[in-house]
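The values are calculated or read from the model by the stated rules, or taken from the named source; none is laboratory data. Values in this document were obtained by computation on a predicted structure and should not be read as measured data. Don't worry about glycine lacking a Cβ; one is built from the backbone with ideal geometry, like all the others, and counts go over all protein chains shown.
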């Protein structure tokens, strides 16, 4: 299990956690924010059990999504 932080890509933003999670689950691109660099990612880049911190609301709010086997 690992923790990751992502932000919406291409200037997108979300007003609710539900909308951010929905786009993440649908495989839309997000910006990966990590110590080892940045880059585009999607749900397909993570493993089962990973916890994803999704920032939204002008990057002021955070929701956590746990990747499951059904997502991969």
Matching entry among 10, 40 (being at positive phi, loosely packed, with under 13 Cβ neighbours inside 10 Å and free of Cβ contacts under 8 Å to residues at least 60 places away in the same chain): 10
Selection count where residues are free of Cβ contacts under 8 Å to residues at least 24 places away in the same chain and under 11 Å from the mean Cα position of the chain (by Cα), scope segment 13-22: 1
Matching entry among 25, 51, 47 (being under 19 Å from residue 72 (Cα atoms) and touching a helix residue (DSSP H, G or I) at 6+ places or on another chain (Cβ under 7 Å)): 25
Subset tally (residues that are at pLDDT 95 or above and part of a loop (DSSP other than H, G, I, E, B)) for segment 12-46: 11
